[in-house]
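Below is one structure, written out as structure tokens; comments come after it.
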Amino acid sequence: MARETGGNAADGSHFETSRRRFLGGSGLAALGAVMPLSRDGVGIPQAHAQAGPAAAPAAAKGPQYLKYPGKNEGLVVLGEKPLVAETPESLLDDDTTPIEKFYIRNNGQIPEEAKDPDAWKIIIDGEVNNKIEITLGELKSKYKAVTRRMVLECGGNGRGAFSPPARGNQWSNGGAGCAEWTGVPLADLLKKAGLKPSAKYTAHYAADLHLSGDASKPTISRGVRIEKAMDPNTLIVWGMNGKPLPNIHGGPVRLVVPGWAGSASQKWLTRITIRDREHDGPGMTEFSYRTPIKPMVPGDKGDPANFRILESMPVRSIITNPANGAKFAAGTKELKLRGASWAGDLTVKQVDISLDFGSSWQRATLEKPKNKYDWQRWTATVKLPTDGYFEIWTRATDSRGAMQPHLAGFWNPQGYGGNAMHRIAVLVG
């Protein structure tokens, strides 16, 4: 399922063989390849970093790259039980993220692919006047489908930048993608079911088996406020980029709750129960998908009473071209940059680029989203004063004025809300 690479350089250049020490970073990488940022919480690009005079420590274990049918082998495996893999920023350079490049996040065992997708049954019950039991085939035939390009983002995206490290998969920026989703608004079914005045919250259930093998234990069961469930962009989907929803991405049918933590977008959806209170299923309590109300001391134990549910995801911008570690010919005078930005329930107001470690910034050209919850692509051209080593930083500002920070702030035990600026290193000459 995964393969490991050592990333040894090919031509003996010292730039390609000396990435052993940079703020605690270690390992080797080939120039022009996708390279990780340092995992010390600072987020400094490791590409091109030079070895110090002291004896270098033993090379660290290199990243594991995904080996999975239909998926790009450039995805980096963060966990195998359950399978979790992120997409390096340079593979997110498409306006619509191809299925093969879309990140993978599971919480339990991956179910077998449905033999008859249209027979898959979905139940809506709880605080409704009319319980609904509907097959996927009936859903397709009885309701009007819509297609929207929307960002889906893991709640832990950016976790790897927290210091001290937070619990969970150490995502950089690759727990996000923007696909064309086809399905029906959840609101259409909730209107058909008839919400009672007591309806406050949803509870989502799925077909994936708990890692323990205990069929009585839900792998994860999250929910959202009724207001978000009734958002016309919250969809029950069966299509991804014009194709049937792949099993690895929750097929034959899943929820897509755009702008909020991806854990709310239940894969392999079987039931939605409407509750008269905030849902308390697995993934809804203690520190799960919650951030501090009052800022806490980094590394402290934390008090669950001081935490609130993570809903809208924070603003983020990434550089998708060039890749971290790219090398350019001597005499190159300018670089053309491309990237993507998004801001949860909000929109992105501006994206800025720095070539001098944040001393000065220039505005990027920001495109309009195709529809609400689409990411906003951006472009910029930066002038290079000389040959040499450069870091390119990007920061986005959302429609309410919130700007990406230099570092992942507001530490929390499970590392949610980390949206530090993305930075890449390039070498000219």
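The values are calculated or read from the model by the stated rules, or taken from the named source; none is laboratory data. None of the values given here were measured: they were computed from a predicted structure. Here the Cβ positions follow ideal geometry from the backbone for every residue, glycine too, while neighbour counts run over all protein chains shown. We work out accessible area using only protein heavy atoms, side chains counted, and drop any ligands, DNA or RNA first. Shrake-Rupley method; radii C 1.70, N 1.55, O 1.52, S 1.80 Å.
Specify the residue with the greatest mean-square fluctuation among Ala199, Ala161, Ala408, computed from a Gaussian network of the chain linking alpha-carbon atoms under 10 Å apart.
Taking springs between Cα atoms under 10 Å, the residue moving most is Ala199.
Hey, any idea what % of region 291-428's accessible area is carbon plus sulfur with a 1.4 Å probe?
Answer for region 291-428: carbon and sulfur cover 53 percent of the accessible area.
Which of Pro164, Ala215, Ala199 sits closest to the plus end of the dipole of region 143-255, meaning its Cα is farthest towards the positive end, when Lys and Arg get +1 and Asp and Glu get -1 on the C-beta?
Farthest towards the positive pole: Ala199.
Counting Lys and Arg as +1 and Asp and Glu as -1, what is the net charge of the other residues whose Cβ lies under 12 Å from the Cβ of Trp120?
Surrounding charge for Trp120 is 0.
For every helix of n ≥ 4 consecutive DSSP H residues, a contribution of -39,500 (n - 2.57) applies; sum these over the chain, divide by its total residues, and give [θ] at 222 nm rounded to the nearest 500 deg cm²/dmol.
Calculated at 222 nm, the ellipticity per residue is -1000 deg cm²/dmol.
Given region 212-364, what whole percent of its Cα pairs are spread farther than 29 Å?
Counting every Cα pair in region 212-364, those more than 29 Å apart make up 40 percent.
If I take every Cα pair under 8 Å that is 6 or more residues apart in the chain, average their sequence separation and divide by the length, what percent do I get for the relative contact order?
17 percent
Mind checking which of Ser341, Val315, Met421 is farthest towards the positive end of region 284-429's charge dipole, using Cβ charges of +1 (Lys, Arg) and -1 (Asp, Glu) about the Cα centre?
Towards the positive end, the residue furthest out is Ser341.
Per residue, how much accessible area does the chain show when a 1.4 Å probe rolls over the protein heavy atoms, in square angstrom?
Accessible area per residue: 42 Å².
To the nearest 20 debye, what is the magnitude of the charge dipole of region 186-255 about its Cα centre, counting +1 on the Cβ of each Lys and Arg and -1 on the Cβ of each Asp and Glu?
Roughly 200 debye, rounded to the nearest 20.
What's the carbon and sulfur percent of region 60-176's accessible surface, probe 1.4 angstrom, rounded to a whole number?
Carbon plus sulfur share of accessible area: 46 percent.
What percentages make up the Cα-Cα pair-distance distribution of region 183-267 when the bins are 5 Å wide from 0?
The distribution over region 183-267 is 3, 13, 23, 23, 19, 12, 6, 1, given as percents.
Treating cross-link reach as a plain straight distance, find the lysines whose alpha-carbon is under 24 Å from the alpha-carbon of Lys372, omitting any fewer than eight places away in the same chain.
Result set, ordered by chain and number: Lys101, Lys140, Lys144, Lys191, Lys228, Lys243, Lys267, Lys349.
Treat every Asp and Glu Cβ in region 235-361 as -1 and every Lys and Arg Cβ as +1, leave all other atoms uncharged, and give the resulting dipole magnitude about the Cα centre to the nearest 20 debye.
460 debye
Could you list the square roots of 5 times each eigenvalue of the Cα gyration tensor of the chain, that is, the equivalent ellipsoid semi-axes, sorted largest first and rounded to whole Å?
So the three semi-axes of the chain are 39, 22, 21 Å.
Calculate the dipole size of the chain relative to its Cα centre from +1 charges on Lys and Arg beta carbons and -1 charges on Asp and Glu beta carbons; express the result in debye to the nearest 20.
Roughly 540 debye for the chain.
Return a whole-number percent for the relative contact order of region 380-429, with Cα pairs under 8 Å and 6 or more residues apart as the contact set.
The normalised contact order for region 380-429 reaches 48 percent.
Binning at 10 Å from 0, report for region 68-151 what percent of all alpha-carbon pair distances ends up in each bin.
Per 10 Å bin, starting at 0, the Cα pair percentages come out as 13, 28, 34, 21, 4.
Go ahead and set up a Gaussian network model of the chain, Cα springs under 10 Å, then flag whichever of Val315, Val253, Val146 fluctuates most.
Among Val315, Val253, Val146, the largest GNM mean-square fluctuation belongs to Val146.
Test of understanding: in a Gaussian network model of the chain with alpha carbons linked when under 10 Å, which of Gly175, Gly242, Gly344 would top the mean-square fluctuation ranking?
Gly242
Determine the relative contact order of region 238-383: mean sequence separation of Cα pairs under 8 Å and six or more apart, normalised by residue count, in whole percent.
Averaging sequence separation for qualifying contacts and normalising by length gives 18 percent for region 238-383.
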